[in-house]
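Since the structure comes first, as C-alpha cells, the remarks are kept for the end.
The values are calculated or read from the model by the stated rules, or taken from the named source; none is laboratory data. Note that the coordinates shown come from a computational prediction; the quantities given were computed from them, not determined experimentally. Glycine gets a Cβ as well: all are built from the backbone with ideal geometry, and neighbour counts include every protein chain shown. Side chains included, ligands, DNA and RNA excluded: accessible areas come from the protein's heavy atoms. Shrake-Rupley method; radii C 1.70, N 1.55, O 1.52, S 1.80 Å.
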Amino acid sequence: MATLTIPEEKYIELYGPTPAHTPSGGWDNGEPDKLVKTHCCFCGVQCGIQLKVKDNKVTGFEPWEEFPVNQGKLCPKGVKRYLQNDHPDRLLTPLIRSEDGFRAAGWYEAMHKTAAAIKDIQAKHGKDAFAFLGGASMTNEKAYLNGKFARIALQTANIDYNGRLCMVSAGAANRMAFGVDRAANPWSDIPLAKVIILTGTNLAECFPILTDYVWRARDAGAKIIVIDPRITPIARTADLFLPVRPGRDSALANGILHVMIERGWTDEKFIAEHTHDFDKVRELVKRYTPEVTEKITGVPAASIIKAAEMWGPAETSMLLHARGIEHHTKGVENVLTYINLVLATGRIGKPGSGYGTITGQGNGQGGREHGQRCNQLPGGRDINKPEHREFIADFWGIPEPELPKQGLTACEIIDAIERGEIKGLLSISFNPLVSIPDSNRTRAALEKLEFFGCIDFFLSETARYADVVLAGSLQEEDEGTVTTGEGRCVRLRNSVSPPENARVDWKIICELAELLGKEKFFTYKNAGEIFTELTAASKGGPIDYSGMTYEKIEQNMGVFWPCPTPEHPGTPRLFEGGKFHHPDGKAKFHAYEYRPPAEDVDPEFPIFFTSGRVVSQYLSGTQTRRIGGLVDQYPEPLCEMHPLLAERLGIKDRDVVRVVTRRGDITLPAQVVKTIRPDTVFIPYHWAGKKAANQLTNRALDPISKIPEYKVCACRVEKVR
Ligand SMILES: Nc1nc2c(c(=O)[nH]1)N[C@H]1C(S)=C(S)[C@@H](COP(=O)(O)OP(=O)(O)OC[C@H]3O[C@@H](n4cnc5c(=O)[nH]c(N)nc54)[C@H](O)[C@@H]3O)O[C@H]1N2
Ligand SMILES: Nc1nc2c(c(=O)[nH]1)N[C@H]1C(S)=C(S)[C@@H](COP(=O)(O)OP(=O)(O)OC[C@H]3O[C@@H](n4cnc5c(=O)[nH]c(N)nc54)[C@H](O)[C@@H]3O)O[C@H]1N2
Ligand code: SF4
Ligand SMILES: [Mo]
C-alpha cells in the first residue's frame, strides 16, 4: 500500500476531528428564518426561487418574482425541490464497504482509503487506469475543479462527465456549424418568433416554464410545428404535428429543405455572404422529394410540404430541439441537418429569429464548458490543440507534457472497465448504473473495479457498488454559479451547511488532491476563489467568462457569455450581423445523407423502442423518487403504446407486458394511449434495477459525439397477464 502524505494529527489540525461536524467553509452558513434567492436544482431552465431556511434546514420556498426567466413561476419539480433537504435518506457521514454492506466511517479513514487506492492502482497499472466521472448538475466551480483535479492530482487522461449522455451531439454540431456551442438566442426571443419548430423535445414536461414562452408566441399569432413520434402535451396545441418514425430526422430535415429550395424560400444573399458549403446541401437534398422522405420518415408528404410552407417564408422564426434528435448514433448529423433549415433562411442572430438546443441538466451548459470533458480544457479549449494546452499548462504552472492527452468518453470508460483496462473509478454526481445503456453490462463492469469511490448525498444505485461513499453536498449546501440553457451565468447562494458529518463537494475534491500531494494547486478558501480562477483561465478562450464576477452576476440577474472584459455587458444573442465564431466569421452547412439507426426493426424485434422523461421525475430518479408528491404523480414506469398495437398483441390498458430487446427485458404495466405512433413504444427511464429502461437500450455511440442511441432500438412486446 502506498504511503500517505498527511499524518493523522496534521489532518485533525487541518480539518478537525472526525466524525464531529466539520464546518463547510469560510462563508456565513445562515441565520434562522431567512429567505435565500437562488435557483431550482433541477433542469437547465434554472428558475429563480427563494428558499426558506430555518435552523439550518430548508423548510419551504417563496416565489422570486424579480428573476426575469420564470418571474416566480415553477413547475411540479420546482415546488417540491425543497423536500430533498433534510430527507431521512440523506447521507450524513462517509461509508466504507464491509462484509455485510456498509459501515459509517470518519473522513480520515474514508479519504485515506480512497487516496491509498488511487496511488496503489496507479502505481501498479499506470495513471490512466484510474478514471474520473463528473456531472453537469454541479456548479461551474466544481466542473472546473473536477477537470483540474483529474489532470493535476490524478494525472489521468480518463475524465469525462454525464453530459456525454446529454449535450454532446448538439455541442459538436453547434461547433461544426457556428464555431461555438451555446444557444444562439436568449429565450426572450421565443415570443417574438412567427414560426417555431420544436423537434425532439417534450418541452411541456421537460422544460415546463419554457412552455409559457411558446404560448406567448402563439398568442401573438405564431405557428407552432412539433416533430416527435409522440403527440406530447405541447404538440396537442401545435398547428402542425409531424409524427416522425424514431431515428429518421436527418431525412426529414433534408426533405423540408428540398421543398424550400424548390419554392425559392432560401435567403441567397445571406447564404453567399455568411456561409459555406450550401451547394453540397442543395445537391444532396434534390433526392429528398416529399415522397422519398415520407417513405423513410413515416411523415405524410403533404405534412412535409406544409412544414416547408410554414417555415420557409416566415418573417421571424426559432428552431428548438432537445434530446429526441440528439440521442442517436447520428445525433450530430440530425442536429446539423436541422441547422441547415435555419441557415438557409438567414433567420438567425436577430430579435425573434434564431436557434437553440435546449440544455437539459441544471448546469448542462456550464458543465460542458470548463474542462471536465475528456477532450476539453477550461474556457472551452481543445485538449488536442498545442496552443490551448500551452495556455492552460502555463496557467496552472505545470510543464505542458505533464498535461494528460485526450482520454475516453463516459460510455467508453465503462467499456474499458469491462475489458479490465481501467481498474479504479471516482465518480461525483453521476448514476451510470441507471443512466447508461445496457445496464446489465454496466453492473458487471462496476463489480469488476478494484476500487470505486462515489461522492453523492444519497446512496444512489451506483453508489451501492462503491468501496467508499463520500457524503457530499446538495445544491443548497454549497454556493457558486451555473450557466442556464440560454447561456446566462447565474448565482447559486448557499442556504444551509451540510448536515452532521457530510461535506461540501469541492472541499472533498481539494482534500483528496492534498492527500495525493498536490495541495499547492488547490488552496481555495471558498467557492468564489475557484470562480475567480476559472474566469481567468477562460480569458481569450472560445468560452470567455473573464469579465464576470459574483457581484456583476448578482446585480444583472445573470450574465451571458462571452463576457471578455469587466466593462462588457455580456452577450444574450449570438451571431448578430451574421458574424459566426469560425475564424472567417462564416457558418457552415453540412450535407448528410440519411443513414439508419445502429439497430433497426426486423421480424424478430419489429417495434421501435424509445425512452425519455415524465414531468414529475428527474433523470436517474435518485432525487425525485424520494419526494412523495412527485412519486404519487408517476410512481413507476409504464410502457406507452398505441391502441392499434395493443389490440394486435391482445393487450389492454394496465395489462402487464414484457418488453424485450437483444440486451434485456423489462416487465411493467402497459399504458394504452392514442398519442404515440403505432410502430413505437416509449418507456421513461427514471427507475433502477428491474424497472430500468436502460436494461433494453443499445450502447451504440455517435462516431463524433460518443452519445449513446437512447432514442431508438428494436424491441418485441409480449403480454404477461
Ligand atoms: N421532468 C423532467 N424534466 C427534465 C429532465 C427530467 O429527467 N425530467 N431532464 C432534463 C434533461 S438532463 C434533459 S436532457 C432534458 C430532455 O428533454 P427532452 O429531450 O425534451 O426529453 P426526452 O423525454 O428525453 O425526449 C424528448 C422527446 O423526443 C422524442 N423522440 C424520441 N425519438 C425521437 C426521434 O427519433 N426524433 C424526434 N424528433 N423525436 C424523438 C420523444 O418521444 C420525446 O417526447 O430534460 C430536462 N428536463
Ligand atoms: N434510456 C435513457 N437513458 C438516459 C436518457 C434517456 O433519455 N433515456 N437521458 C440521458 C441524459 S440526457 C442524462 S443528462 C443522463 C443523466 O444521468 P445521471 O447523470 O446518471 O443522472 P442523475 O440522476 O443526475 O445522477 C446524478 C447523481 O448525482 C447526484 N447529484 C446531483 N447533484 C449533485 C451535486 O451537486 N453533488 C453531488 N455530489 N451529487 C449530486 C444525484 O443524487 C444522483 O445520484 O441520463 C441519460 N440516460
Ligand atoms: S422548469 Fe426546470 S428549473 Fe424550473 S422549476 Fe421546473 S425543473 Fe426547476
Ligand atoms: Mo440530459
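Observations, loosely collected:
- Expressed as a whole percent, the accessible area of the stretch 607-719 that falls on carbon and sulfur atoms is 51 (1.4 Å probe).
- Within the stretch 607-719, percent of DSSP bridges classed antiparallel, to nearest 5: 65 percent
- For the stretch 49-181, the carbon plus sulfur part of the accessible surface works out to 48%, probe radius 1.4 Å.
- In the chain, the calculated helix contribution to ellipticity at 222 nm averages -8500 deg cm²/dmol per residue, counting -39,500 (n - 2.57) for every DSSP H run with n ≥ 4.
- Translational diffusion of the stretch 607-719, estimated by Stokes-Einstein from the Kirkwood radius over alpha carbon pairs at 10 °C in a medium of 1.306 mPa s, is 110 µm² per second.
- Highest-first arrangement of 596-609, 143-156, 456-469, where packing means the average Cβ count within 10 Å: 143-156, 456-469, 596-609
- Solvent-accessible area per residue, Å², over the stretch 607-719 with all protein chains present [probe radius 1.4 Å]: 34 Å²
- Nearest-0.05 FRET efficiency for Lys124 and Lys652, computed from C-beta distance (R0 45 Å): 0.20
- Tensor-based shape of the stretch 170-357 (alpha-carbon gyration tensor, a/c under 1.5 rounded, otherwise prolate or oblate): rounded
- Between the C-alpha center of the stretch 331-391 and that of the stretch 549-572 there is a gap of 19 Å.
- The chain - share of DSSP beta bridges that are antiparallel (%, nearest 5): 50 percent
- Cα gyration tensor shape for the stretch 72-152, rounded if a/c is under 1.5, else prolate or oblate: oblate
- Dimensions of the chain from C-alpha coordinates, computed as largest minus smallest value along each principal axis and given longest first, are 78, 66, 52 Å.
- Per residue accessible area of the stretch 483-604, 1.4 Å probe, in Å²: 39 Å²
- Fraction of accessible area attributable to carbon and sulfur, the stretch 402-510 (%, probe 1.4 Å): 45 percent
- Considering only the stretch 170-357, percent of DSSP beta bridges that pair antiparallel, nearest 5: 5 percent
- Highest to lowest packing among 471-479, 318-326, 583-591, scored as the average C-beta count within 10 Å: 318-326, 471-479, 583-591
- Within the straight-line cut-off of under 16 Å between alpha carbons, the lysines reachable from Lys507 are Lys142, Lys148, Lys518, Lys520, Lys525, sequence neighbours fewer than 8 places apart in one chain being disregarded.
- Excluding same-chain neighbours fewer than eight residues apart, the aspartates and glutamates reachable from Lys579 by a Cα-Cα span under 15 Å are Asp181, Glu273.
- With contacts taken as Cα pairs under 8 Å at a separation of at least 6 residues, the stretch 607-719 carries a relative contact order of 37 percent.
- Accessible surface, the stretch 170-357, averaged per residue in Å² (probe 1.4 Å): 29 Å²
- For the stretch 694-707, Karplus couplings with θ = phi - 60° (6.51, -1.76, 1.60), whole Hz, Gly/Pro x: 6, 5, 9, 6, 9, 7, 9, 10, 5, x, 8, 8, 6, 7
- For the stretch 482-613, alpha-carbon Rg relative to the globular expectation (2.2 N^0.38 Å, N residues): 1.57
- Amide H within-cut-off set for Ser705, under 5 Å, with H built and near neighbours excluded: Val332
- Relative contact order of the stretch 36-170, defined on C-alpha pairs under 8 angstrom at six or more residues apart (%): 13 percent
- A straight Cα-to-Cα reach below 17 Å connects Lys77 with the lysines Lys52, residues fewer than 8 places away in its own chain not being considered.
- Most to least packed among 305-317, 269-281 [average Cβ atoms within 10 Å]: 305-317, 269-281
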